[in-house]
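The structure follows.
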Amino acid sequence: MRAKLVVGTTVCVFLSILVSGCASTTAPRGWLPTPGEAEKEAYGAWISVKCNNGSSEQIADGEFIAVRKESLFVLTQDSLTAIALNQVERGKLTTYDAEHQLLAGWTTVGALTTPSHGWFLVLSFPLWIISGSIATVAHSYAPIEKFPADSWEDLRKYARFPQGLPEGLDRRTMKSKPE
Amino acid sequence: MAFWHSSGRRYLRTEIVCLLLVLFTCLMLLDGCNVATQKRNVVTPEDTRLLDRGSRFLKAHMLDGQVYILSEWNVDSNEKIVSGAGELLSANRDILAEGIFSFPLDSVAIFETNRVHTSGAVMAMAVITGASVALTMYCIANPKACFGSCPTFYVEDGEKPILQAEGFSSSVAPSLEASDIDALYRAKPKRKEFDVMMKNEALETHVVRYADLLAVRRLEGGRIFASPDGAFWQATQIIQPARCNGPEGDCQKELRAFDGLERISQTYSTFLGAKETIDLEFDTLPDGNLGLVVASRQSLLSTYLFYQTLAYMGSSVADWMAQLERDDDLMRKAINRFDELLGGIEILVQDKTGSWISATQVCENGPLATDVRVVPLPNLGSGFQKIRLHFTKGDWRLDWVAMAVLEREVAPLMLQPVRVRHNTDLDEIAQKSLLDTSQVLVTLPGDIYTLTYRLPDDFNKYELFLKSQGYYIEWIRDEWLAEEDPARAAMMFLNPEKALHVLAPEFKRIESVMEESFWRSRYAR
């Protein structure tokens, strides 16, 4: 009976942590590279920016291309968009796919082994669920950089062109990362 | 989880568990929350001394938006040249060229490096998986003496259950999964239904793919022995050596019978890989195929070395194990090198010219259950009488050595469990897992499974063996984490010879008490 109560409680805790806790992204499925792929790719991170020009609010999602003194450049589905830094309200960069669902799976598998513990289940099941959930949530935030940041210098390294927008680049011919 | 009261009594409180659950949840909600992660750095050409030289790839972003992605890269600040193998991509990341490149440092706008790490979350999960548990005073005093094993198998000897086998002792990771045949030499079935108790007595996760019973009908007065290559031999005459000499002198008393009286030696004080020999002489040997019967088990030396390696890895153990699982050549070579240095029990026979000829090695790993095996010997004609055993000093406990006349090779009956009980309850799911090799049975500390096999009607005429397959994962102990030392971990893999020298004094300090500590720290409910 006690084991069932503990299992039930911790499953609820697990679900609530996962539903409310894990980081989300607007990047299309499969767009973000894994950490290993990111070592060898040369695209920018996925950026989601909310900006306010005084009269209206806009959200721009796309690839982080570059940042200059007063503007940042986002390659959306349609085109290369320049956004004045002083109009950026908030946003976030997702630099790679954390694959945190693997950790969630690990947590689940680990927890499912605990029924073989008998009375020990009362301890090991919650240990798995709670610790695994926290680990999963923590890991999901690892690739996230939020802004406004103290300095755009810290974030430029995640751009396609960390050196800044190249002089002479034909912006009309910019291509998105193939899906 | 157990908590020590200030009075020293250990007690368990679910109230404390609930409080921890609440605490964990609050922490999660209050703190917005830190597989693999990636760390990126960018460096200007003027600051190449800050480049992360450990990064596998270097991205050289050019002034015009193109980028070189190079492996095996080098940035020579003196010659002001960047070189490496890889690709040149356009501003739109189309591949413009592939191959080996070399270009001036001042053509680069900025360098980028990336490092992939096992995430802290994964390491935490690895530590959970290898959960840390407070142990008895014996383990605190001798952390590497904490009981560890693969699955242990107990069978009735006619009176009581005795430990007869330990399965797949070397399979300490999924990629090292292996099968193992163990003789149940002292098993004495009393009825057709024969029980084998499989226990998880250590702080480990055992993953068992199958545990089958092999039954071989034996001749009246004879025995069946398994050889290292997995063959089964019908043996009739079994002959004791007339003389047995080791470094300590006469060793016949210890080796003349399989009676639990073992011949043991201590390791060499400055090098754990030092060897010793035992010479055996037989007065008269019959013609025919002969095989040397050896009943042996390892000492705790290998266990100590394995645990010490894990301790040196410490919180990075997940990184190391992941490398092994990725089929890392360096890791596997290192593991093989340790095996070569310590080795098994080499069997040598003296031919008519007086030269020693190596027959084979007995390498049955595991410090718990004595295994009995026969080594078929080369046919050197009549007259040969001398056998030499050559092995690492202090690494082996020998119980019995004898010569057997091998009549013929025989094939065993393979029997799968007809019933499985988990503790006292019937467990059909566990049985199904053991019958289907695409599934596994996972056991945790304290688990006891009773596997029941149905023997032939004349069950007492059969020699029994256990064939098992699987792997197991050690749980990292708190006490081991205190010894984390990446340099020493690297030494274990890159220079195992040196490791056997360096660790010799440390092992000698605990060698004499390790056995007692080890057995006292078995996990039991």
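The values are calculated or read from the model by the stated rules, or taken from the named source; none is laboratory data. Predicted, not measured: the structure shown is a model, and the values here were computed from it. Note that each Cβ is placed from the backbone with ideal geometry, even for glycine, and that neighbours are counted across all protein chains shown. Quick note on the areas: whole protein, heavy atoms, side chains included, nothing else; ligands and nucleic acids left out. Shrake-Rupley method; radii C 1.70, N 1.55, O 1.52, S 1.80 Å.
List the residues, sorted by chain then number, that are 5 or more residues from B:Ile357 or on another chain and whose placed amide H is less than 5 Å from its amide H.
B:Val349, B:Gln350, B:Asp351
Right, next: To the nearest 100 Å², how much accessible surface do chains B and A hide from each other in total, with a 1.4 Å probe?
4700
Which GluC sites (Glu not before Pro) from region B:215-315 combine a DSSP loop assignment with at most 11 other Cβ atoms within 10 Å? It would help to have the intermediate numbers written out before the result.
Working: sites: B:Glu220, B:Glu248, B:Glu254, B:Glu262, B:Glu276, B:Glu281; in loops: B:Glu220, B:Glu248, B:Glu262.
Hits after loop and neighbour filter: B:Glu220.
Another question about this same structure. Among A:Lys50/A:Lys177; A:Lys146/A:Lys177; A:Lys50/B:Lys39; B:Lys393/B:Lys467; B:Lys333/B:Lys432; B:Lys39/B:Lys80, which pairs are too far apart, with a Cα-Cα distance over 31 Å?
With Cα atoms farther than 31 Å apart: B:Lys333/B:Lys432.
From the phi angles alone, apply the Karplus equation (6.51, -1.76, 1.60; θ = phi - 60°) to region B:297-307 and give each ³J(HN,Hα) in whole Hz, x where the residue is Gly or Pro.
8, 7, 7, 8, 4, 5, 4, 4, 5, 5, 5
Heavy atoms only, probe 1.4 Å: what % of the accessible area of region B:162-312 goes to carbon and sulfur, would you let me know?
47
At a Förster radius of 51 Å, what calculated FRET efficiency corresponds to the Cβ-Cβ distance of B:Asp339 and B:Leu96, to the nearest 0.05? Working shown, then result.
On the way: r = 48 Å, r/R0 = 0.95.
Approximately 0.60, to the nearest 0.05.
For the residue pair B:Leu261 and B:His501, what label-to-label distance in nm results when each label sits 7 Å from Cα along the Cα-to-beta-carbon direction?
4.0
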